[in-house]
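To start, the structure itself, in structure tokens.
The values are calculated or read from the model by the stated rules, or taken from the named source; none is laboratory data. Just so it is clear, the model here is predicted, and its values are computed rather than measured. When we count neighbours, we look across all protein chains shown, and the Cβ atoms used for this are built from the backbone with ideal geometry, even at glycine.
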């Protein structure tokens, strides 16, 4: 029987996806590893199924407002990195190292949110920054099984010059395809999960997503960015304390 804590966690995952364009896997994977005693590979695969389907559905709904050019630029670098790392790197890196790298990267992105790099006054896009962010998120997605939205959204905002709300919507499209890219790599390695658990997760996360879409309409963009950074710090510290 699913616990009340698990129900709450899964709904919070949906809220994070809707409000921040990611962060679901950063909550899911540590919880499933620590709270549900699942190996990282199985936790990652359940996360990829749940996050991929939910973000895919949101992307279809928001397709008219997604910055597709930014999505394409980011994806051209991130997707190959995801596929290669999910196939060759994840099987050989110990679980605790994978979780530590997860926490360090989370805190790094939080720092960029608090103290962002400012592009040239005449240039709103930093393609080098986008390239490095895409490569890093691709590696992390393949290594740990996260869709990467919690890193993609701030990267698009910081380096591509779009608002955080536009970045959130655009990041979901990247997360959806990137999640399925990593999922196929995990399936090819023979990782399998309980599909009944995945079904329950999908429903609960969807409830959180729908709630988050409603809440987001009442939060100014500037405040959302601040809350996002604080959220990242909390998650990063928690992951490093419990790798």
- Message: Looking at segment 186-198, can you tell me whether even one residue there is without any contact (Cβ under 8 Å) to a residue 12 or more places away in the chain, assigned to a helix (DSSP H, G or I) and within 16 Å of residue 56 (Cβ to Cβ)?
- Response: no
- Note on the structure: With criteria (1) surrounded by 14 or more Cβ atoms within 10 Å (Cβ to Cβ); (2) over 22 Å from residue 36 (Cβ atoms), residue 53 comes up short on (2)
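Every residue in segment 56-76 that is within 16 Å of the chain's Cα centre (by Cα) and surrounded by fewer than 19 Cβ atoms within 10 Å (Cβ to Cβ), please. Please lay out each step first, then the result.
Here is the first cut: in segment 56-76, the residues within 16 Å of the chain's Cα centre (by Cα) are 56-59, 71, 74-75.
56, 57, listed by residue number.
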- Residues being free of Cβ contacts under 8 Å to residues at least 12 places away in the same chain and either within 19 Å of residue 179 (Cβ to Cβ) or buried (at least 21 other Cβ atoms within 10 Å of the Cβ) (or both): count how many of those fall in segment 77-97. 1
- residue 171 being at pLDDT 80 or above, crowded, with 16+ Cβ neighbours inside 10 Å and closer than 28 Å to residue 36 by Cβ: yes
- Selection within segment 217-243 - more than 18 Å from the chain's Cα centre (by Cα) and over 23 Å from residue 144 (Cα atoms): 217, 218, 219, 220, 221, 222, 223
